[in-house]
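Okay, structure first, notes after.
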Amino acid sequence: MTHVCEVQHPLIQHHLATLRNKTTPPDEFRRLVQRLAVLLAYEATRDLSTEMCEIETPLTRTIARRLSQRIGLVPILRAGLGMVDPLLDLLPQAEVWHLGLYRDEATALPVEYYSKLPDYSPVDVALILDPMLATGGSAIAALQALRRWGVPKLKVLSLIAAPEGVSSVTAACPEAQLFVCAIDVELNSRKFIVPGLGDAGDRSFNTPQ
Ligand code: PRP
């Protein structure tokens with residue numbers, strides 16, 4: 001069954017409030033996306049595997065631990081791009097595999113326009129990055145692409161999600177783990193998350209909505 005984690009933390013609630021505010025300008029919006037991505041990643045990376053290694057401190061040799069798996073960051077263009085740099089700060093060795101998906105305005109179905117996943121040696125863990133999970137269609141398309149690549153462990157990191165999208169992802173990809181800052185109330189008739197934050201891509205990149 002899909003593991004769904006709504007990270008409850010005062011820092012997340014505080015920064016999410018400003019992110020949602022319609023008067024928050026694009027530069028601050030981008031900084032908040034980065035800040036929230038770090039807080040979300042802290043929870044989403046809790047079960048990463050480590051291995052022992054020997055290091056030398058200024059005082060002595062000792063045994064320490066380091067990450068042992070190949071990790072892939074998979075931002076969904078465009079809005080997911082804003083979550084890449086903060087994740088790379090935490091996981092400097094991670095590979096970044098971009099997926100281009102946009103939601104057709106009439107059907108609300110995802111349309112793929114960029115994917116270059118190779119057909120050899122998948123990463124051990126993939127973290128799909130997208131600030132919004134509305135119907136879940138984009139996340140499911142990304143999960144299916146990574147499944148076809150053969151990635152054994154799949155995680156989705158989204159800042160906000162609609163209950164409908166969470167249910168769809170759970171049904172379509174029960175093996176995936178889902179980490180969100182907040183599960184909102186519902187989707188409106190245009191399949192926008194309510195209360196939501198508008199369109200994360202447009203607000204990040206200052207493009208007309
Ligand atoms: C938004 C969002 C997700 C998707 C969520 O992207 O960033 O990718 O919609 O909707 P879904 O769960 O119903 O699939 P959008 O299509 O607006 O593209 P953009 O990031 O380029 O703005």
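Under 16 Å from a label point 7 Å along Cα→Cβ of Thr170: give me every residue in region 130-156 with its amide N that close.
What the label zone holds, given the 16 Å backbone N cut-off, is 133-137, 140, 156.
Extending each Cα 7 Å along its Cβ direction at Glu105 and Glu56, get the distance between those two points in nm, one decimal.
My value for the distance between the label points is 6.3 nm.
So how do 87-98, 132-143 stack up, highest first, on mean other-Cβ count within 10 Å?
So the order, starting with the most tightly packed, is 132-143, 87-98.
For region 3-205, report the accessible area per residue in Å² (1.4 Å probe, heavy atoms, rounded to an integer).
Ligands and nucleic acids excluded, the figure is 51 Å² per residue.
Using 0.36 nm times the number of residues separating Glu112 and Val38, minus their current alpha carbon distance, what extension gain do you get?
23.9 nm
Under 23 Å between alpha carbons, and skipping anything fewer than 8 positions from Lys22 in its own chain: which lysines qualify?
Qualifying lysines at Cα under 23 Å: Lys191.
So for the chain: antiparallel DSSP bridges make up what percent, rounded to the nearest 5?
For the chain, the DSSP antiparallel bridge percentage is about 35.
Rounded to a whole number, what is D in µm²/s for the chain from Stokes-Einstein with the Kirkwood radius over alpha-carbon pairs (20 °C, 1.002 mPa s)?
Answer, rounded: 122 µm²/s.
Got a sec? What order do Asp27, Asp130 fall in by accessible area at 1.4 Å, biggest, i.e. largest, first?
Output order, biggest surface exposure first: Asp27, Asp130.
Sequence neighbours fewer than 8 away in the same chain don't count; with that in mind, list the lysines whose C-alpha is under 28 Å from Lys153.
Candidates past the 8-residue exclusion: Lys116.
Applying a 10 Å radius around every beta-carbon, put 189-198, 162-171, 112-121 in order of their mean neighbour count, most first.
Output ranking for 189-198, 162-171, 112-121: 162-171, 189-198, 112-121.
The values are calculated or read from the model by the stated rules, or taken from the named source; none is laboratory data. These numbers were taken from a predicted model, which means no experiment stands behind them. Heads up, the Cβs are rebuilt from the backbone with ideal geometry, glycines too, and the neighbour counts pull from every protein chain shown. All accessible areas refer to the heavy atoms of the entire protein, side chains included, with ligands and DNA or RNA removed. Shrake-Rupley method; radii C 1.70, N 1.55, O 1.52, S 1.80 Å.
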